[in-house]
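Just so it is clear, none of the values below were taken in a lab; they were calculated from the coordinates. Bear in mind the structure is a predicted one, so any value in this text is a computation, not a measurement. Glycine also receives a Cβ, built like all others from the backbone with ideal geometry; neighbour counts cover every protein chain displayed.
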Amino acid sequence: MPTAIEFFKLLPKTNCKECGQPTCLAFAMLLSNQKATIDLCPHVASDAKETLEEASAPPVRTVKVGDKDLGGETVLYRHERRFVNPTAYALTASDTLSSDALKERVDYIASLRYDRVGMMFEADMVCLRNNSGDAGTFASKAAELAGIWSKGIVLETRDPAAAEAAATAIKGRRPLIYGADASNLDAMIGAAKAAGCPLGLVCADEKDAVALTERCAAAGFKDLVLDLGASNLKETLERQTVARRAAVRSRFKPLGYPLMNRVGSGEYAVATAVVSTLKYGSLVVFDDLKSYEALPLFTLRQNIYTDPQVPIQVKQDLYPIGDPDEHSPIMFTTNFSLTYFTVRADIEKSKIPVWLQIVNTEGLSVLTAYSAGKFEPERVAEAFEESGVLSKSDGPVIIPGLVTRMSGKLQEIIGRKVIVGTNDSRDIPKHLRSVTGQ
Amino acid sequence: MTDIPDVADRFSGAIDEVALGKGDYVAGGAKGMPFLSFENPVKRRPLIAGEVFDTLDGYPQLAADMFDGRQKDPVEWALMWKEIGADMICVRLVSTDPSRGGTPPEESAALVKRISDATKLPIIVSGCGVMDLDIPVFTAVAEAVRDSRLILSKADEDDYKRLASVAIANDHIVVGFANLDVNLSKQMNILLTDFGVDRRNMLTDPLMAALGMGLDYSYSVQERIRIAALMGDSMLQIPMLCDCTGAWDVGDAVSDEDPSLGDPRFRATWWEAITALAAVISGADIVVMRGPGAADMLMGYCDELRGEI
Ligand code: SF4
């Protein structure tokens, strides 16, 4: 990212304020912090604009596949700044499948979908493979797929004619054609240009990737996704690190594209996807993925792509959920933000109003805090005292099931009966219903 | 074709090397970011410790079923870990808590000694979590095992002197614990050093939060610790121990209520394996594992990541 001064040099320096900023310098500072875009200044010269756009574009190009952006990344480590576009996961379907079988396959892919604390974890794309070897079949199956699958589509073929036929058939969906290599590159660029869609390059390694992307750039084509040809975990980690570092640190354009992995199925495929999700992969294409693999993998992606600035602790306080009254249940838990959000979401699911008391455990989760002596009856009682919750409601006081052992002591200190809650937050709705008789 | 710029980092710092057990196992030593052979010539695999409890009371059945009944005797259990390929054993002495049996310290010490003698592997000793109860146990264990450098886990900012004293008196290793905070990790290392713990007798535990339970925080804290250490911050160059067993406390990992989530045995195994992969890729030098399947997978992946397969 250029500095504010570098931006400033290219601005008209008239301080006309039309960009909404008092001075060109103020605007330049916003630009360098990525808080404004150059088109807000109507007076910048067009050659300067191009230079600026080039300079302020993310070092990893943003490439749209379907309605999903891949790449657009700006840093090496997530503590520097939030990673931008989460890794997409695709599963393959063959173009030799009957209509029924294709539907069944798409239904399976769509079933890899989990609602977690208001976030949807799901498979993102279907990768249609040209197993038939026939362009017409590939195109008609692509159209069929587009009719029953509304998200991203990858078209996997080495045949430029098949690629062009299928991509043109579902042009409006902006599929990714995968893949081009040294032998078919020119024809594949032609196919991608004709259909107006991005192109995945099957590279032998990172050097080959440079050779191929430079040929694409010379042909004026830059909507690329790179498969660096890694055949094991080590190559996945190292090649993707080299590409990302070269792009981010050296602004090395030939490797400044989103990265993808074509893995198979089974344990090794998942392990490769894990490494790729941690280290710079934007798209992983599986032949198969089981539910017990998908849920942990999707959870990892969610974890890695969260905003690192979100504080780990919430404030010790009384949080009314729903519209609790003087008889509503009182629950409490730790101030680890994830615990709070999970418990809160599960209480909300029950639709039963609750007073949720958050206790400062220095950001530790329930069990960790308990074993570290930071989630003790005395602390809980203090928090109750501070918020006055016990005088706000005469409802049942519910203790997290994982710390049942402190219930006796707590009961003694607060002088109120304590009910043992659930070990697992997801059982809260059921438990609340039984406690309140609703 | 344009040449790819050289992106290898040449760091001035390195992670300390700490010799464990009888000295035949070493943790640490890295000179670059994990598994990057173009900048880290030290290809040491992170050490994998298999977890063993002194009681099965409270131990998840899902995990117990993975040990063919050998979990019923802690020594057999530890030997099974050795057969699986574990580099170390983590013995959890939780029955010392009066509410869980109140095993006397001498008995706990004898158990650790038997496990150490039978496996000849380095041992991590972890207590029930209440320092007042744990100190007599750690003391007895530390005195009973003289032919292997034990790892005593763990000391935190509020209460580290008692455990550090036990370690110093018997030339064992002490783990300094900090709760997801780079500065606190550094502070712990400084406190222990100032108190008189030799650097070759220290490990750092930054709290490995499990997948879905704040793994993102741990991952970034550990990357920051590793980067700062390599850039030359000597008080962060202590090898890192990450306990990945928290994966087994995550509802999504072990729940058997929703069949659409797939077999919980495989799911829990992946949950822990992914937690551990994130740990080693962000800088862990030692990982503690509960599931034999996850540990086995991790060993294979680590060997491959460092280019040994
Ligand atoms: S609109 Fe352009 S010329 Fe006018 S103040 Fe803003 S940056 Fe300067």
Handout entry: Distant-in-sequence amide H partners of B:G21 (H built 1.01 Å from N, under 5 Å)
Key = B:I123, B:R149
Practice task
State the answer as a single residue: which of A:L255, B:P74, A:A219 lies farthest towards the positive end of the charge dipole of the protein assembly as shown, with beta carbon charges of +1 for Lys and Arg and -1 for Asp and Glu, about the Cα centre.
Solution key: A:A219
Exercise for the section: Give me the distance between the Cα centres of the range B:10-72 and the range A:293-363, rounded to whole Å. Expected result: 33 Å
Completion exercise
Spelling it out for A:Y178: with amide H atoms placed in the peptide plane at 1.01 Å from N, the residues 5 or more places away or on another chain with amide H under 5 Å from its amide H are A:L155, A:E156, A:T157, A:G200
Practice task
Within the set of other residues whose C-beta is less than 10 Å from the C-beta of A:T62, count the net charge using Lys and Arg as +1 and Asp and Glu as -1.
Solution key: -1
Fill in the blank from the handout: In whole Hz, the Karplus estimates of ³J(HN,Hα) for the range A:353-366 (6.51, -1.76, 1.60; θ = phi - 60°; x where Gly or Pro) are x, 9, 8, 9, 8, 9, 10, 5, 10, 6, x, 8, 6, 3
Exercise for the section: In whole Hz, with x marking every Gly and Pro, tabulate ³J(HN,Hα) for the range A:399-411 from phi via Karplus 6.51 cos²θ - 1.76 cosθ + 1.60, θ = phi - 60°. Expected result: 9, x, x, 5, 10, 3, 4, 8, 5, x, 4, 5, 4
Practice task
Identify, among A:I399, A:H431, A:A195, the residue whose Cα sits farthest towards the positive end of the charge dipole of the protein assembly as shown, taking +1 on the Cβ of Lys and Arg and -1 on the Cβ of Asp and Glu, with the dipole about the Cα centre.
Solution key: A:A195
Practice task
Report ³J(HN,Hα) in whole Hz for each residue of the range A:60-72, in order, from the Karplus equation J = 6.51 cos²θ - 1.76 cosθ + 1.60 where θ = phi - 60°; Gly and Pro get x.
Solution key: 9, 4, 8, 10, 8, 10, x, 9, 10, 7, 10, x, x
Practice task
Pick out, in residue order, every one of the GluC sites (Glu not before Pro) in the range A:310-362 that is DSSP loop and has at most 14 other C-beta atoms within 10 Å; say none if there are none.
Solution key: A:E326
Completion exercise
In Å, the C-alpha Rg and Dmax of the protein assembly as shown are 28.0, 83
Handout entry: A:T74 long-range amide H proximity, modeled H, under 5 Å
Key = A:V84
Fill in the blank from the handout: With +1 at each Lys and Arg Cβ and -1 at each Asp and Glu Cβ, the charge dipole magnitude of the range B:15-97 around its Cα centre, to the nearest 20 debye, comes out at 400 debye
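Roughly how big is the range A:230-382's charge dipole about its Cα centre, with Cβ charges of +1 (Lys, Arg) and -1 (Asp, Glu), in debye to the nearest 20?
Roughly 1220 debye for the range A:230-382.
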Exercise for the section: From other protein chains only, count the Cβ atoms within 10 Å of every residue's Cβ in A:298-307, then give the mean. Expected result: 5
Handout entry: 16 Å Cα-Cα reach of B:K22 towards aspartates and glutamates, excluding residues that sit fewer than 8 places from it in its own chain
Key = B:D87, B:D117, B:E143, B:D147, B:D171
Exercise for the section: May I ask for the percentage of alpha-carbon pairs in chain A that lie more than 28 Å from each other? Expected result: 61 percent
Problem - the range A:1-67: trypsin sites (Lys or Arg not before Pro) in DSSP coil with no more than 12 other Cβ atoms inside 10 Å - result: A:K17, A:K35
